[in-house]
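Enquirer: Shown below is the structure under consideration.
Nothing in this text is a laboratory measurement; each read-out follows from the coordinates by a stated rule. Everything quoted here is computed from the prediction, not taken from an experiment. Glycine gets a Cβ as well: all are built from the backbone with ideal geometry, and neighbour counts include every protein chain shown.
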Amino acid sequence: SQQGEEDPQALSIQEGENATMNCSYKTSINNLQWYRQNSGRGLVHLILIRSNEREKHSGRLRVTLDTSKKSSSLLITASRAADTASYFCATDRYYNQGGKLIFGQGTELSVKP
Amino acid sequence: EAQVTQNPRYLITVTGKKLTVTCSQNMNHEYMSWYRQDPGLGLRQIYYSMNVEVTDKGDVPEGYKVSRKEKRNFPLILESPSPNQTSLYFCASSFLPLAGAPEQYFGPGTRLTVT
């Protein structure tokens, strides 16, 4: 079953606008990660937020985590055409000490110049 | 340069012909994992390994085998490939999980087509 589910599935914005993607999950987690994938290529880690954290920043990225709602959001500010990619959230499960990650289906972001 | 390499990058094969996809990392990571990516299904974990000679099943292990004889290598073996194993495969590695799954480093992917 899907642990992480992203919303929306696809998002199209103009350069300079902000992009917000959401992720919901079902079970308690240790942490939640966001990854980026350019078309057909390997995933690249963007940011990790632990279950005891509520917000984290990295450059133009802002991630929030609401464990009571089992949801997270990724905000990309002042988007650029180069941000065009698919974005995935990945969660582990609290009881699992093996480091097994479960990925959602991803949000496809298109940033038009 | 720190990296995860996979070979081959592209492979077209026929049903039943055994194949191996290699994965190697140069970061001294203990943890390695294989995923497959299919449209509409995201990434699904096939097998993972916590260290040499320690492997375990992920969510979709049927039809696959792995081995971990050396720390840097984690080959994926398809003994008798079938068309439903046509997919994009990724190898990933990381340091050993301590408090939850750590950041994964991904290889460039292997696009496999089984006819």
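Enquirer: Just how large is the dipole of chain B about the Cα centre, in debye to the nearest 20, putting +1 at every Lys and Arg Cβ and -1 at every Asp and Glu Cβ?
Expert: Values: 12 positive and 10 negative charges, 72 e Å.
Dipole about the Cα centre, nearest 20: 340 debye.
Enquirer: Name the lysines eligible as straight-distance cross-link partners of residue B:17: C-alpha to C-alpha under 20 Å, and not fewer than 8 places from it in the same chain.
Expert: The reachable lysines, counting only those whose Cα sits under 20 Å from residue B:17, are B:65.
Enquirer: I need the peptides B:25-34, A:58-67 ranked by packing, meaning the mean over residues of other C-beta atoms within 10 angstrom, with the highest value on top. Intermediate values should be presented prior to the final figure.
Expert: On the way: B:25-34: 20.0, A:58-67: 15.5.
Per-residue mean Cβ counts within 10 Å order the peptides as B:25-34, A:58-67.
Enquirer: Given +1 on the Cβ of Lys and Arg, -1 on the Cβ of Asp and Glu, and no further charges, what dipole in debye does the protein assembly as shown carry about its Cα centre, rounded to the nearest 20?
Expert: Working: 26 positive and 21 negative charges, 70 e Å.
Dipole magnitude for the protein assembly as shown comes out near 340 debye.
Enquirer: Within 10 Å of each Cβ in peptide B:33-44, how many partner chain Cβ atoms are there on average? Round it to a whole number, please.
Expert: On the way: counts 3, 0, 3, 0, 6, 1, 1, 3, 3, 14, 11, 3.
Partner Cβ neighbours, averaged per residue: 4.
Enquirer: Quick check on chain A: of the DSSP beta bridges with both residues there, what percent are antiparallel, nearest 5%?
Expert: Details: 37 of 42 bridges.
That works out to approximately 90 percent antiparallel.
Enquirer: Mind checking A:41-47 for the average number of partner chain beta-carbons within 10 Å of each residue's beta-carbon?
Expert: Partner-chain Cβ atoms within 10 Å, mean over residues of A:41-47: 6.
Enquirer: Determine the sum of side-chain charges near residue A:105: Lys and Arg each +1, Asp and Glu each -1, restricted to other residues whose C-beta is under 9 angstrom from that of residue A:105. Could you put the intermediate results ahead of the total?
Expert: Working: positive: none; negative: A:5, A:6.
Value of the local net charge: -2.
Enquirer: OK, next. Determine, for each peptide in B:6-16, A:35-45, B:102-112, the mean count of other beta carbons within 10 angstrom over its residues, then list the peptides with the highest first. Write down the numbers at each step before the final one.
Expert: Details: B:6-16: 13.2, A:35-45: 17.5, B:102-112: 20.6.
The packing order, highest mean first, is B:102-112, A:35-45, B:6-16.
Enquirer: Averaged over peptide B:56-67, how many Cβ atoms belonging to another chain are found within 10 Å of each residue's Cβ? All intermediate terms of the calculation are to be shown ahead of the outcome.
Expert: Details: counts 2, 1, 4, 4, 0, 0, 0, 0, 0, 0, 0, 0.
Counting other chains' Cβ atoms within 10 Å and averaging over B:56-67 gives 1.
Enquirer: Considering only C-alpha atoms, what is the centroid distance from region B:87-115 to region A:35-113, in Å?
Expert: 16
Enquirer: Mind giving me the FRET efficiency for residue B:69 and residue A:58? R0 is 41 Å, r the Cβ-Cβ distance, nearest 0.05 is fine. Can you show the working numbers first?
Expert: Details: r = 37 Å, r/R0 = 0.90.
The computed FRET efficiency comes out at 0.65.
Enquirer: A further question follows. Shape call for chain B from the C-alpha gyration tensor, a ≥ b ≥ c root eigenvalues: rounded (a/c under 1.5), prolate (a/b greater than b/c) or oblate?
Expert: Details: a/c = 1.69, a/b = 1.63, b/c = 1.04.
Prolate, because a/c is 1.5 or more and a/b exceeds b/c.
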